[in-house]
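What follows draws every value from the coordinates through simple rules; no lab data is involved. Keep in mind it's a predicted model, so treat the numbers as computed, not measured. When we count neighbours, we look across all protein chains shown, and the Cβ atoms used for this are built from the backbone with ideal geometry, even at glycine.
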Amino acid sequence: MKTYIARRLLALIPVALVVATVSFVLIHLAPGDPASVIAGPDASADDVQRIQRQLGLDAPLPVQLVRWYGRLVRGDLGESIFLRMPVTAAILDRVEPTLLLTLFSIAIAVVVGVPAGVLSARYHNTATDQALMAVALLGVSIPNFLLGLLFILFFSVWLGWFPVAGYSPLEYGWAKTLRSLVLPAFALGLVQSALIARIARSSMLDVLREQFITAGRAKGLGERAVVYKHALKNAMIPTVTIIGISFAILISGAVVVETVFNIPGLGRLIIAAVLRRDYPVIQGVVLCIAFLYMLINLAVDLSYVLFDPRVRYQ
Amino acid sequence: MSVIALPRPESTGRRAAPRWLVLLTRRKTTLAGAVIMLGMVSVGLLAPVIGGDPAHMEVAGRLAAPSRAHWFGTDDVGRDVWSRVVYGARLSLLVGVAVVGLSFLVGMVCGLVAGYYRSLDNAVMRVMDGLMAFPAIVLAIALMAALGPSVINVIVAIAVVYSPRVARVVRGSVLVIRETSYVEAARALGVADPMLIGRHILPNCLSPVIVQGSFVFAAAVLTEAALSFLGVGVPPYVPSWGVILAEGRLYIQQAPWLVLYPGVAIMLTIFGLNLFGDGLRDLLDPKIRGLATERQ
């Protein structure tokens, strides 16, 4: 197990290298000289030179790349051009709402999605199954930002139950924070629960066809014990994978939904940076999210051991 | 020697096609998906006929509620929302088709090369893994930041995001197919690599790729809408569902139709694609084909 984890961590290195290189290339993809693109059309030659020096764009490309890796290893993401603060500080400032929103929505996705999938499989081919799956299919067809807008329309504008937008930071009390995150978290979580329900259903159906289920029924176990004890545990393996993937999807979903609800998280940070051509911030946020994404996927792979004793990593 | 039975994909393809059609239309949900998509395609193609000028402004009639003159109401500068939604369908379809085409081209070439030439596999797939390590929308946003707002750039950015996913599916199939005896036979006959790949391997790894196609299409439509909604997709003067929604967000209290109609259009399109894609997958995916027939 330890060697397996070590091997998986080592395998992350080439991927991390590619990720770092892609983020580096971003700034050079822009047509023309990046410094003048960042400075904008009205900038003077001095401004362009200043930005060139500030970003180290005056060095040859390979030198820039090596310096970039070196800085990343030290955890230095550079300085924001617009905010005039280190990118890492800007990210740390904005990470709270994004993380809370992601955690809240994953909770909703699991609490709604897994039972829906399991019920659907247990009552396979009945009206319950068909109704649940129709809703789930509709659910995967709604983009999260659209669901967010519809929620604002129904629950905030028409019913007035929730604030239209905005975020209350934790320091003003968690109840307020929670309230400000209810609509965005449901917008994100419900869409994801549809996906989880579909996967949970199909993996339950696969497991329910296995011989040990027939054996369980044959020895007189009740349907409840068969479904909820024997089948569910085995069906959880693909489901856990999809929950892990959902977590990763939800972080990026949060980036979009934050715009809908005006939540000052990483999503607002990167979008504002794109509009201001603040490349160090764009690179920093993208890298940060990509590394988080990679670590989550690793954690998902490692979690199989917990759910399936047959999986023994050599 | 030359009588060794090499598969003739064209001949089997022709015979199978009508049967596919029968199987595809047998399931009502798949048929419904196809009908929705056909409807969307016709709306997109007929946009100039059924819609007016999407850029025409009537400032006096701004934020007007839906009426006989303006079926879907008007927006904040008095543009007809129906015309804009109809032209938005055109844009979404264009982006969907272009992204599928481009990402298939790139993804299939990379997948075939990586799967067939084992020495290149590691290099190609590590790059693909690296690209897939980014969440789709985040990579698309970053690429748009570098490329700048335009319809072409949106297509390129989304295609870059989805090519690795196509490549991975193709590579997986190639790895299996290259070990089959008919490929070995062809190689023994001295068939050159390009011919072997193009004629014997490629046609046989198409079905999982086709299934991917409907999902990549849906993802492209969604991603374009999301990018444009965030203000980093197509330029604001292009009628796109995402752009209309972004404007609608600001007037959600006075003019909910600005959110509702483009929203329904997106939902219907994705719903149709998902229904159709599910049907296609059940039909073409050998792993679950058994299940699909068992269910019927």
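Brief remarks on what is shown
- With both labels modelled 7 Å from their Cα along Cα-to-Cβ, the B:Leu46 to B:Leu189 distance reads 4.9 nm.
- For the range B:191-242, the alpha carbon convex hull comes to 105 Å³ per residue, rounded to a whole number.
- Extent along the principal axes, Cα only, for the protein assembly as shown: 73, 61, 55 Å, with the longest axis given first.
- Two-site FRET efficiency, B:Ile210 against B:Asp53, from Cβ-Cβ distance with R₀ of 45 Å, rounded to 0.05: 0.75
- Taken over chain B, the convex hull of the Cα atoms encloses 156 Å³ per residue.
- Acute angle (nearest 10 degrees) that the helix B:9-26 long axis makes with the longest principal axis of chain B, alpha-carbon atoms: 40
- Label zone (B:Ala69, point 7 Å along Cα-to-C-beta; backbone nitrogen cut-off 16 Å) within the range B:28-63: B:52-53, B:56-63.
- Rounded to 0.05, the FRET efficiency of the A:Ile5 and B:Asn122 pair, given R0 = 35 Å and the Cβ-Cβ distance, is 0.95.
- Shape of chain A, Cα gyration tensor, a/c cut at 1.5: oblate
- Under 18 Å from A:Lys219, Cα to Cα: aspartates and glutamates that are on another chain or at least 8 residues apart: A:Glu210
- Per residue of chain B, the DSSP helices (runs of n ≥ 4 H) give a summed -39500 (n - 2.57) that works out to -24000 deg cm²/dmol at 222 nm.
- Separation of the A:His28 and A:Lys176 label points, Cα + 7 Å toward Cβ, nm: 4.8
- Take each residue of peptide A:19-28, count the partner chain Cβ atoms within 10 Å of its Cβ, and average: the result is 3.
- As a ratio to 2.2 N^0.38 Å, the alpha-carbon radius of gyration computed for the range A:61-139 takes the value 1.99.
- By the Cα gyration tensor, the range B:235-274 has an equivalent ellipsoid whose semi-axes, rounded to whole angstrom, run 19, 13, 6 from largest to smallest.
- Residues considered: B:Ser119, B:Ser163, B:Ser240. Largest GNM mean-square fluctuation over chain B, using C-alpha springs under 10 Å, is found at B:Ser119.
- Residue-averaged beta-carbon neighbours from other chains (10 angstrom radius) around B:213-222: 1
- Relative contact order %, the range B:138-282, counting alpha carbon pairs below 8 Å whose residues are six or more apart: 24
- P(r) histogram, all alpha-carbon pairs of the range A:97-162 included - 10 Å bins from 0, percent: 18, 36, 34, 11, 0
- Sorting A:143-151, A:65-73, A:119-127, B:211-219 by their mean Cβ neighbour count within 10 Å, with the most densely packed peptide first, gives A:143-151, B:211-219, A:119-127, A:65-73.
- Descending principal axes extents, the range A:153-300, alpha-carbon based, whole Å: 66, 40, 27
- Whole-percent pair-distance distribution, where bins are 10 Å wide, for the alpha carbons of the range B:174-296: 12, 26, 21, 19, 15, 6, 2, 0
- Pairwise FRET efficiency - A:Lys219 versus A:Gln64, Cβ, R0 = 60 Å, nearest 0.05: 0.30
- Over all pairs of different C-alpha atoms, the range A:1-153 has a mean inverse distance whose reciprocal, the Kirkwood radius, equals 20.7 Å.
- GNM on chain A, alpha-carbon springs under 10 angstrom: the most fluctuating residue among A:Ala215, A:Ala194, A:Ala248 is A:Ala215.
- Nonlocal amide H pairs with A:Glu79, under 5 Å, H built at 1.01 Å: A:Val87
- Where the Cα pairs of the range A:239-300 fall when distances are cut into 5 Å bins, in %: 4, 18, 24, 21, 16, 10, 4, 1, 0
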